[in-house]
Amino acid sequence: MPNNIVIGQKVTSQKIAQAKALRRNMTPAERILWQNLRGNRLAGFHFRRQQIIKGYIVDFYCHQAALVVEVDGTIHDQQQEYDAYREQVLRARGMSVVRFKNDEVFSDLDGVLARIVTACREDVNETPLNPPYEGGRQEKRSPRRESGLPLPS
């Protein structure tokens, strides 16, 4: 099981306060997406909102899949260089990043959710259940199966 990314980070009280403020003041697109991500509603994957990672506050984060989900408003058109660097830092940390424009969340929520599920499934590492046996075949068990949570379909 991977280490929790929060452990070992130096997070200032100012950054924590900023993340809490962002949780209280989510954009309309973030609210819509959060209603579909919270409480393991999306195929059983657990998401956190406004998670601090390496000094950055990401919109949504699935620790199991090491997936960052960003919802971009018009401000991101003006900070593409910053966003690219931020993404590079997160990817170097072993995370995947998917980005959606606000308009996508409003106009194609089902498509956005499907892309998030696909990204989560691609990133979840399956662990061996038994050592290899005849023919080199292995049985695998997902960490979700061990936890009793429903497997994504």
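The values are calculated or read from the model by the stated rules, or taken from the named source; none is laboratory data. On a predicted model such as this, the values are computed, not experimentally measured, just so you know. Here the Cβ is made from the backbone with ideal geometry for all residues, glycine too, and neighbour counts use every protein chain on show.
Quick look at the values:
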item	result
Unmet criterion (only one of (1) out of contact with any strand residue (DSSP E or B) (no Cβ under 8 Å at 6 or more places or on another chain); (2) among the charged types (D, E, K, R); (3) farther than 19 Å from Arg41 by Cβ; (4) at pLDDT below 55) for Arg144	(3)
Of all residues making up region 30-58, the number that are closer than 24 Å to Gln88 by Cβ and more than 14 Å from the chain's Cα centre (by Cα)	2
Residue count for region 35-52, restricted to those that are assigned to a strand (DSSP E or B) and on the phi < 0 side of the Ramachandran plot	6
Which numbered condition Leu129 fails, given (1) surrounded by fewer than 13 Cβ atoms within 10 Å (Cβ to Cβ); (2) farther than 19 Å from Ile53 by Cβ; (3) modelled with pLDDT of 75 or more; (4) of a type in the set (A, V, I, L, M)	(3)
Test: residue in region 64-80 that is part of a strand (DSSP E or B) and among the hydroxyl-bearing types (Ser, Thr, Tyr)	no
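Yes/no matrix, rows are residues, columns are (1) loosely packed, with under 14 Cβ neighbours inside 10 Å; (2) farther than 28 Å from Asp103 by Cα; (3) modelled with pLDDT of 90 or more:
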position	(1), (2), (3)
Gly8	yes, yes, no
Ile16	yes, yes, no
Ala21	yes, no, no
Thr27	no, no, yes
Ile32	no, no, yes
Asn36	no, no, yes
Leu42	no, no, yes
